[in-house]
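What follows is a set of notes on a single structure, which appears directly below.
The values are calculated or read from the model by the stated rules, or taken from the named source; none is laboratory data. All of these numbers come straight from a predicted model, not from anything done at the bench. With ideal geometry, Cβ positions are generated from the backbone for all residues, glycine too; neighbour counts draw on all protein chains shown. For accessibility, only protein heavy atoms count, side chains too; no ligands or nucleic acids. Shrake-Rupley method; radii C 1.70, N 1.55, O 1.52, S 1.80 Å.
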Amino acid sequence: MEERKLKQLLSEMSLREKIGQMIQLTGIYFDEDAVLTGAVGEGQPPQWVIRYAGSVLGMIGAEKLRAIQKKYMKEHPHHIPLLFMADVIHGCRTIAPIPLGQACSFHPELVEKMAGHAAAESAAEGIKATFSPMMDVSRDPRWGRIMESFGEDPFLSGVMGTVMLRGYQKGNGNGQKGSREIPESGIAGCLKHFAGYGAVNAGREYNDVEISQRTFREQYLKPFRMAMHADPAMVMTAFNAVDRRPVSGNKELLEDILRKEMGFRGTVISDWGSVGQLEEQNVVSGQAEAADAAVHAGVDIDMMSPAYMFHLEELVEEGHVPVSLIDRSAWNVLVMKNRLGLFEDPFAGMEGEEQLSAEAKKIALALACESSVLLKNADLLPLKPEQKVFWAGPYVESTELLSRWAIFGRHDDVETISEVLRDRKLPVRFVPGCEILTEEERRLWQADNCRIQGEEEQNKEMSGSCGDQYADLEEIGPEDTVVLVLGEHEAQSGEAASRAFLDLPEGQQKFFDAVAERTSHIVAVIMSGRPLDIRKIAEKSQAVLLAWRPGTMGAEAVVRLVYGEETPSGKLSVSIPWGVGQVPVSYWDVKTGHRMTETNPENRFTSRYMDIPNEPLYPFGFGLSYTGFTITPPVLEKQEREDKIGILCKVKNVGEVPGAEVVQCYVETLCAPVVRPAKELIRFRKVFLQPGEEQKVKFTIDRKELAFYGADMELIDGGIPLRITVGNSSRAEAGDVSLQLDRRS
Ligand code: NOJ
């Protein structure tokens with residue numbers, strides 16, 4: 001619709017209609033099958049709200065949504081279409097690895113393509129907006145939502161978030177027509193949670209955040225800033241406060257930083273109930289004040305809180321909230337609907353559900369392979385197909401390879417590892433050994449109250465599947481090779497799944513120990529939504545492959561990697577801690593005094609733990625391959641423009657099989673007026689090479705990207721000595737160059 005017409009429409013809408021655009025309801029008010037992703041209060045929304053609410057979350061299905069849309073539009077005075085939103089986090093029907101895993105691929109093009117397929121599958125079933133990507137830098141594995149993040153690094157999170165967003169908003173390239181900004185197969189993306197949520201204190205869900213302004217801006221805002229280039233349709237406010245001021249009532253953050261400084265021009269949506277929650281946080285005395293604070297701060301849509309639906313109308317009528325604010329927010333929502341082409345055709349592209357497409361499965365498989373990280377390999381992998389191998393552990397025969405956030409994913413679409421192996425007719429024996437969780441753990445994790453389709457049946461199948469668990473182990477001798485597929489349950493990560501301990505479920509650890517008593521030729525494959533404390537597993541295994549939660553094609557990926565049909569190329573997007581006492585730990589931790597170095601390990605007065613190392617077990621950027629690579633030390637290349645820095649190196653495959661290396665470029669400030677991170681990732685490139693092949697890698701860095709905040713929060717981008725390194729992990733350096741940029745006045 002032309003802008004002029006849209007303005008005309010807004011001018012004709014009643015106050016209630018406009019406020020309606022600013023309210024989002026869960027689908028349960030429209031259909032009992034809707035997926036509930038938050039707690040619903042007791043108060044039923046007023047009838048007019050159900051009639052005018054501009055958007056709904058948590059529903060899928062072309063036929064169903066078509067019917068709801070038809071009825072809604074007919075009853076709406078201006079026939080404005082509803083916008084269906086949902087949490088499509090790592091795939092809609094075809095489920096890719098969790099975002100934390102996708103980031104380990106260091107392969108932005110694949111991530112973008114997968115998001116395009118997720119968008120196309122969503123759009124075909126009526127969902128036109130997703131609450132993804134999550135841009136929260138997360139370095140605390142206790143936080144269950146780390147799975148939804150791109151890990152600990154701000155730059156990697158910025159790159160991955162940008163491409164994922166672009167993928168959603170571009171779709172899969174089919175069905176584009178007319179001048180709509182977001183094509184038919186595309187959907188609106190939403191950067192969340194603005195901001196700082198990844199730093200929740202002690203990793204506890206919904207907790208507050210305590211970080212400095214500097215860290216907040218440099219590390220936590222950076223990914224959001226980077227993704228603004230892809231023109232996000234929405235940004236979601238975080239539950240937490242920043243500097244004790246809750247985001248959903250924080251004008252400085254939403255107006256001054258998000259809109260003015262970062263140039264965001266889309267719609268701001270609250271998180272579920274986060275406007276109403278201002279009362280719980282005791283910064284307002286009731287829901288009316290909460291609505292007042294949020295609308296003044298710039299929250300355009302209140303997702304599922306009582307504030308706007310019960311109070312906004314009165315606040316306007318009594319003159320507390322100017323109509324201009326309502327107009328602005330309603331306008332933002334209308335513009336988003338218009339970008340999606342809803343006014344031209346609210347049903348465009350709603351073709352209904354199809355079989356998972358071969359193309360989407362292919363990308364999901366490639367991502368599952370490239371997301372998996374080989375953490376250890378003492379010459380055991382890849383296994384030979386003719387070798388007799390025991391495949392053991394509860395994940396061998398399980399379809400639970402999705403996640404809590406794969407809300408529309410179906411376990412029925414997942415092949416199990418045992419099925420994949422059987423298809424290949426390999427000489428393998430299966431030893432499930434134990435269940436994923438013990439009865440008690442199932443209760444603790446509420447693993448049976450599942451919202452995920454198909455899981456209930458799965459649970460029924462699982463329980464009682466183990467009789468005398470260890471009986472089969474007697475067949476395993478000291479020379480035998482066992483691939484043990486272990487890990488967290490789906491219910492143990494995602495929203496509201498914080499953990500204080502990062503161990504494997506109890507029964508699985510015991511089972512592992514029992515196997516380890518029989519043979520040392522163990523390949524541990526770990527399925528998990530977060531970094532776990534796998535030290536004891538790694539010590540007793542000859543090889544460790546971290547597959548995260550790999551998605552629909554996970555089983556095929558694991559088998560391919562274990563037998564060397566694919567060469568592992570994933571690199572950690574987040575450090576794997578040595579133990580839970582270290583967390584949060586990341587490679588960019590800021591420098592300290594009393595530094596422990598290689599030359600003073602006996603010095604008691606250094607910044608360290610007396611009982612465990614400072615370093616994580618496996619650092620950010622780390623990951624092994626079946627082939628070998630060399631990277632030459634970097635050299636500076638003269639640039640024509642003085643605001644650019646050129647860094648050159650070469651990477652060579654010196655092994656025997658094709659593979660990919662991720663060349664990583666880090667920068668360290670050597671002397672600055674404020675304490676700075678040890679180093680920061682500034683560029684990376686994934687290079688695919690045949691044996692013996694060599695390639696040049698050139699990184700061009702913009703001077704602006706090196707800027708940081710000085711003592712008075714002024715931006716410094718020169719006059720500072722820098723060290724730039726390249727290597728294949730945050731720990732391994734192939735060499736460095738030093739430079740100093742001119743000071744700019
Ligand atoms: C709460 C979560 O924090 C958010 O990420 C999600 O999008 C909403 N619920 C909607 O399900």
> Over the Cα atoms of the range 330-390, how large are the radius of gyration and the largest Cα-Cα distance (Dmax), in Å?
Replying inline: 23.0, 65
> How do HIS489, HIS229, HIS311 stack up against each other in accessible area, from largest to smallest, with a 1.4 angstrom probe?
Replying inline: HIS229, HIS311, HIS489
>> Using only Cα atoms and rounding to the nearest 10 degrees, what angle (0 to 90) does helix 358-371 make with the longest principal axis of the chain?
In response: 60
>> Loop-only chymotrypsin sites (Phe, Trp or Tyr not before Pro) in the range 545-622, please: DSSP not H, G, I, E or B, and at most 16 other Cβ atoms within 10 Å.
In response: PHE605, TYR609
> How many nm is it between the label spots at LYS540 and GLU2, if each spot is 7 Å from the Cα in line with the beta carbon?
Replying inline: 7.4
> Long-range amide H contacts for ILE89: which residues qualify at under 5 Å (H placed 1.01 Å from N, peptide plane, sequence gap of 5 or more or a different chain)?
Replying inline: ILE407
> So which GluC sites (Glu not before Pro) in the range 1-89 end up in coil per DSSP with only 14 or fewer other C-beta atoms within 10 Å?
Replying inline: GLU2, GLU32, GLU42
> Which order do THR26, THR399 take when ranked by solvent-accessible area (1.4 Å probe, heavy atoms of all protein chains), largest first?
Replying inline: THR399, THR26
>> Between helix 506-516 and the chain, what is the angle of the helix's C-alpha long axis to the longest principal axis, kept within 0 to 90° and rounded to the nearest 10?
In response: 20
>> Counting only Cα atoms, I'd like the Rg/Rh figure for the range 43-131, Kirkwood definition for Rh.
In response: 1.11
> For PHE155, what charge total do you get from the other residues with a beta carbon under 9 Å from its beta carbon, if Lys and Arg give +1 and Asp and Glu give -1?
Replying inline: -1
>> Need one number: % antiparallel among DSSP beta bridges in the chain, to the nearest 5.
In response: 55
> Under a 1.4 Å probe, what is the accessible area of the range 526-632 per residue, stated in Å²?
Replying inline: 38
>> Given a 1.4 angstrom probe, I'd like the percentage of the accessible area of the range 654-745 that is carbon and sulfur, rounded to a whole number.
In response: 49
> Roughly how many Å² of HIS79 are accessible to a 1.4 Å probe, to the nearest 10?
Replying inline: 100
> Roughly to the nearest percent, how much of the accessible area of the range 236-358 is carbon and sulfur, given a 1.4 Å probe?
Replying inline: 46
> Can you give the relative contact order of the range 592-648 as a percent, counting alpha carbon pairs under 8 Å and 6+ residues apart?
Replying inline: 19
> Expressed in nm², what is the orientationally averaged projection area of the convex hull enclosing the Cα positions of the range 245-324?
Replying inline: 4.9
>> Straight-line reach from LYS5: which aspartates and glutamates fall under 19 Å, measuring Cα to Cα and dropping same-chain residues less than 8 apart?
In response: GLU17, GLU181, ASP327, GLU344, ASP345
> Under a straight-distance cross-link criterion of Cα-Cα below 17 Å, which aspartates and glutamates are reachable from LYS362, leaving out those fewer than 8 residues away in the same chain?
Replying inline: GLU109, GLU112, GLU121, GLU354, GLU370, ASP413, GLU415, GLU556, GLU565, GLU566
> Protein chains only, probe 1.4 Å: how do SER607, SER55 rank by accessible area, largest first?
Replying inline: SER607, SER55
>> Once the cut-off is 24 Å, how many percent of the Cα-Cα pairs in the range 297-425 end up in the long-distance tail?
In response: 61
> In terms of the ratio Rg/(2.2 N^0.38 Å) built on C-alpha atoms, what value belongs to the range 200-357?
Replying inline: 1.15
>> If you scale each eigenvalue of the Cα gyration tensor by 5 and take the root, what three semi-axes come out for the range 188-278, rounded to whole angstrom and sorted largest first?
In response: 19, 15, 12
>> Need the full-extension length gain, VAL657 to GLU637, defined as separation in residues times 0.36 nm minus the C-alpha distance. One decimal, nm.
In response: 4.1 nm
> Which of rounded, prolate, oblate describes the chain, given a ≥ b ≥ c as roots of the alpha-carbon gyration tensor eigenvalues and a/c under 1.5 marking rounded, otherwise prolate only if a/b is larger than b/c?
Replying inline: oblate
>> Accessible area of the range 44-125 with a 1.4 Å probe: how many percent of it is carbon plus sulfur?
In response: 54
> In Å, the Kirkwood hydrodynamic radius of the range 120-226 over pairs of distinct alpha carbons?
Replying inline: 14.7
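Beyond 26 Å between alpha-carbons counts as too far, so tell me which of LYS376/LYS510; LYS128/LYS251; LYS7/LYS260; LYS384/LYS698; LYS425/LYS540 fall in that bin.
From the list (LYS376/LYS510; LYS128/LYS251; LYS7/LYS260; LYS384/LYS698; LYS425/LYS540), the Cα-Cα distance tops 26 Å for LYS128/LYS251; LYS384/LYS698; LYS425/LYS540.
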